[in-house]
1. Among the residues of segment 23-50, write down those that are surrounded by fewer than 17 Cβ atoms within 10 Å (Cβ to Cβ) and β-branched (V, I, T).
2. When the residues of segment 67-83 are narrowed to those that are without any contact (Cβ under 8 Å) to a residue 24 or more places away in the chain and under 13 Å from A31 (Cα atoms), which ends up nearest to the chain's Cα centre (by Cα)?
3. Are any residues in segment 148-184 modelled with pLDDT under 95, among the charged types (D, E, K, R) and either surrounded by 20 or more Cβ atoms within 10 Å (Cβ to Cβ) or in contact with an Asp or Glu (Cβ under 9 Å, 6 or more places away or on another chain) (or both), and if so, which ones?
4. Would you mind stating whether S116 is among the hydroxyl-bearing types (S, T, Y), surrounded by fewer than 19 Cβ atoms within 10 Å (Cβ to Cβ) and under 23 Å from S184 (Cα atoms)?
5. Tell me, which residue of segment 31-50 that is among the hydroxyl-bearing types (S, T, Y) and assigned to a loop (DSSP other than H, G, I, E, B) is farthest from Q81 (Cα to Cα)?
6. So which residues in segment 167-207 are within 25 Å of the chain's Cα centre (by Cα) and among the basic types (K, R), if there are any at all?
7. So which residues in segment 51-88 are crowded, with 18+ Cβ neighbours inside 10 Å and part of a strand (DSSP E or B), if there are any at all?
8. Collect the residues in segment 169-212 that are under 22 Å from D111 (Cβ atoms) and not in a strand (DSSP E or B), keeping them in residue-number order.
Amino acid sequence: MPWGSGMPWGSEMIEQQPLTDAQSRVLDFVAGQIRATGRSPSLREIQAELKYGSPHTARFHVNNLIEAGYLCRQDGHRGLQLVEPAGILLAGTVAAGPPIEAIEERDERIDLGDFSNENHFALRVRGDSMIEEAIADGDLVIVRKQATCSDGDLVVARIGEEATLKRFYREAKKRRIRLQPANSEMEPIFCRAEDVVIEGMVVGVVRLMGNK
């Protein structure tokens, strides 16, 4: 679906359960062993590494990690596998108005299927500077990670420690960048080219059901 259409998409928010300190230590060890050796540690190796008195303690934490969605089990005593979280990262909030503090990482994801987490992230829109392109307060924008853009692209631009959602234009004669809102009641933002960092280009808009 092209960005700016404002049509609702069906979507599902995905969030893995938070871990205890003990579960985090077990997961870190299992993940490290899988990535280093290509196979998962046995329960007795987990017991030895974390100095548990019994393999039953290791089994308890492994079972909880499976239930929480971080591990899955295949056949064999070394059958543990990492579960990669589905969807793209909902990285935080971006201003559709005056710039606000730049992207804040969060452990929340949205499953859209058509976008890879490696090359994309999502941001929740705050403000109404893009309402004439049907991007409303509370919508999610899907951003393709890239550091360059062309005139007219809809981008997430960072100015210092603040970020904003605007259309990007170069004004070569005036040696400045214009970040243009899509709201006739708002003024564009002007800044020097060296002060603007492009975080990515908007490639999709999601309106969750019930969002106004």
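The values are calculated or read from the model by the stated rules, or taken from the named source; none is laboratory data. Nothing here was measured: the structure is a model prediction, and the numbers come from that model. With ideal geometry, Cβ positions are generated from the backbone for all residues, glycine too; neighbour counts draw on all protein chains shown.
1. T37, the sole residue that qualifies.
2. Step by step, filter segment 67-83, then rank; the result is V83.
3. Once the filter is applied, which keeps residues that are modelled with pLDDT under 95, among the charged types (D, E, K, R) and either surrounded by 20 or more Cβ atoms within 10 Å (Cβ to Cβ) or in contact with an Asp or Glu (Cβ under 9 Å, 6 or more places away or on another chain) (or both), segment 148-184 yields R158, E161, E162.
4. No, not satisfied.
5. S42
6. R167, R207
7. L71, L80, I88 - these are the residues of segment 51-88 that are crowded, with 18+ Cβ neighbours inside 10 Å and part of a strand (DSSP E or B).
8. Result: R207, L208, M209, G210, N211.
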